[in-house]
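The values are calculated or read from the model by the stated rules, or taken from the named source; none is laboratory data. Everything numeric in this text was worked out from a predicted model, so none of it was measured. Positions of Cβ are generated from backbone atoms using ideal geometry, with glycine treated the same way; all protein chains shown enter the neighbour counts. The protein model used for the area step is the full one, side chains on, heavy atoms only, and it has no ligands, DNA or RNA in it. Shrake-Rupley method; radii C 1.70, N 1.55, O 1.52, S 1.80 Å.
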Amino acid sequence: MASSTSTGIRINFKDVVVNPANLKCSSLPLFSLRNQYSVNFHLSWLGFFVAFLSWFAFSPLIPDVIKKDLDLTSAQVGNSNVVSLCATLLVRVVAGPLVDRFGPRKVMAGLLICGAIPSGLAGTAHTATGLYTVRFFIGILGGTFVACQAWTTAFFDKNVVGTANALAGGWGNAGGGFTFIVMIALYNSLLSDGLTPHVAWRAAFAIVPVPFLLTVAVAILALGTDHPAGRWSDRHKAIAYGIQNKDTLPASHKDKEVAITKEGSGDIHVTVSAAQGLSLESELDFAVNEPVTWALAVKVITRPLTWLPALAYLTTFGYELAIDANLANVLFTLYNSPTFGQTKAGYIASIFGFLNVFTRPLGGYFGDMLYKKFGVPGKKYLLIILGITQGLLSIGLGLYIDSNQHPSLIIIIVLLILAAFACEAANGVNFSLVPHCNPCSNGLMSGIVGGTGNFGGIMFAMIFRFQPAPLGKAFWISGVIAVGINLLLTVVRVP
């Protein structure tokens, strides 16, 4: 049974420890499904994970089979990548205010259901225009990230929210790497069963994305909860008397403690106690998502603090999106031979996405650790350092490719892995910082940051689109941009 919250550099991954001031969990009880915190955490990342099964399903197949089947040029392939990211940008900006009004659970389920429709119609594309249309509407699924991060922020307290957000984001993002492997393996299996390439890639979309999207959406609606207080409309009730009475447990919270304890059984115990070891006070302690108004939106948008994580995310997550969309094509172009085709290029490219399983959580974890010692500035400077490191590694990768007539695949993979560590850890740190920026508008804030990240994806994808040769040029240009923007962010003040 837990008797205190996480202290020092340790995070409690076993017990359910609830802060009575806001009903958020100040531990990370991830290895049980007997409490609402664990259930909603796992549903949040799972919803984001399955979105990739359709959102990124084109990337591993488009360099070869889809390109040939639809008679696409390289420019049209690049255009389709940009179109997909444009849709996600729009949806993420809209999803933020929707989360603040209706709650992340309903928004997540709604996006998965809406995204399943164009996913089922992917096989109807027979021209470049048809491909653009399908990929645009499938891009709706990218908005699930906003709901994912707002959902975990609503359930976990400030001492662990960075790690919680990073774990959910990282495990969800790993769906990008998983999609590369699943779609390639399924396509090859369908070919071996006698289907033609024309039919096999279309059948793959009907077999994988649609059933998973709808199943997870139903699970979210049936098993998830909106807020620690219950319904989203009851979220204000989670706040106790105020900071001056934070050591007093109201009767309503005692009832909540009983309710949570009954949900558990056996080895699961819930302790509702004041957050010990957390001397840092912030607006985040008693913040509640408020519906977005024009006045509130203007206030948030005009704050420099809003653009610190947003522009940083532009350089890191935007870069990650562009790499996920283009890396298989770059490797296929560099090494295409009888022994190196679409399958091998896709499997190698999947490494970048799969690393999210632990790189992004590590970023969030170290963000939380630095917060305990240095406060919010610790998260800020870790974010900037990682962003600059990613930029430098991308510059090095691009220059290496362009300066060697036959670049070593091993060296390229090593540089990509190092860049992925910096890039994805920075994404984790970013969403450990976001809850401290405009905490009463967390949905709007998540939408702005997530949307700006997607804008970065469009920007970097355009670089790959219009600077296709030499192949390393897009990498080093992207790196220069990342270094420059992150250096400028050092002047933004944080709480």
Could you please let me know if Thr133 is out of contact with any strand residue (DSSP E or B) (no Cβ under 6 Å at 6 or more places or on another chain) and surrounded by 23 or more Cβ atoms within 10 Å (Cβ to Cβ)? no
Residues satisfying the stated conditions in segment 166-189, i.e. open to solvent by 10 Å² or more (accessible area, probe 1.4 Å), closer than 23 Å to Tyr313 by Cβ and either modelled with pLDDT of 90 or more or not in a helix (DSSP H, G or I) (or both): Leu167, Trp171
Give all pairs with beta carbons closer than 7 Å in which a residue from segment 191-214 that is over 18 Å from Thr343 (Cβ atoms) meets a residue that is in a helix (DSSP H, G or I) and open to solvent by 60 Å² or more (accessible area, probe 1.4 Å); count only pairs at least 6 apart in sequence or on separate chains. Leu214/Ile113
Which pairs have Cβ atoms under 7 Å, sit 6 or more apart or on different chains, and link a residue in segment 21-36 that is under 19 Å from Asp368 (Cα atoms) and surrounded by fewer than 24 Cβ atoms within 10 Å (Cβ to Cβ) to one that is at pLDDT below 85 and among the basic types (Lys, Arg)? Pro29/Lys14
Examine segment 70-77 for a residue that is surrounded by fewer than 19 Cβ atoms within 10 Å (Cβ to Cβ) and at positive phi, and state whether such a residue exists. yes
Considering segment 332-386 alone, what residues qualify as being more than 24 Å from the chain's Cα centre (by Cα), aromatic (Phe, Trp, Tyr) and closer than 30 Å to Gln405 by Cβ? Phe332, Tyr335, Phe340
Unmet criterion (only one of (1) under 15 Å from Thr315 (Cβ atoms); (2) out of contact with any Cys (no Cβ under 7 Å at 6 or more places or on another chain); (3) among the polar types (S, T, N, Q); (4) open to solvent by less than 10 Å² (accessible area, probe 1.4 Å)) for Thr389: (4)
With the checklist (1) within 23 Å of the chain's Cα centre (by Cα); (2) open to solvent by 10 Å² or more (accessible area, probe 1.4 Å) in hand, flag the one item Ser84 doesn't pass. (2)
Tell me, please, whether a residue that is part of a helix (DSSP H, G or I) and of a type in the set (Asp, Glu) can be found in segment 88-106. yes
If the requirement is being touching a residue at least 12 places away in the same chain (Cβ under 8 Å), touching a strand residue (DSSP E or B) at 6+ places or on another chain (Cβ under 7 Å), buried (at least 24 other Cβ atoms within 10 Å of the Cβ) and of a type outside the set (Asp, Glu), which of these qualifies: Gly115, Gly103, Gly139? Gly103
Taking segment 116-170 and keeping residues of a type in the set (A, V, I, L, M) and under 27 Å from Asn12 (Cβ atoms) leaves Ala147, Ala150, Ala154, Val160, Val161, Ala164, Ala166, Leu167, Ala168
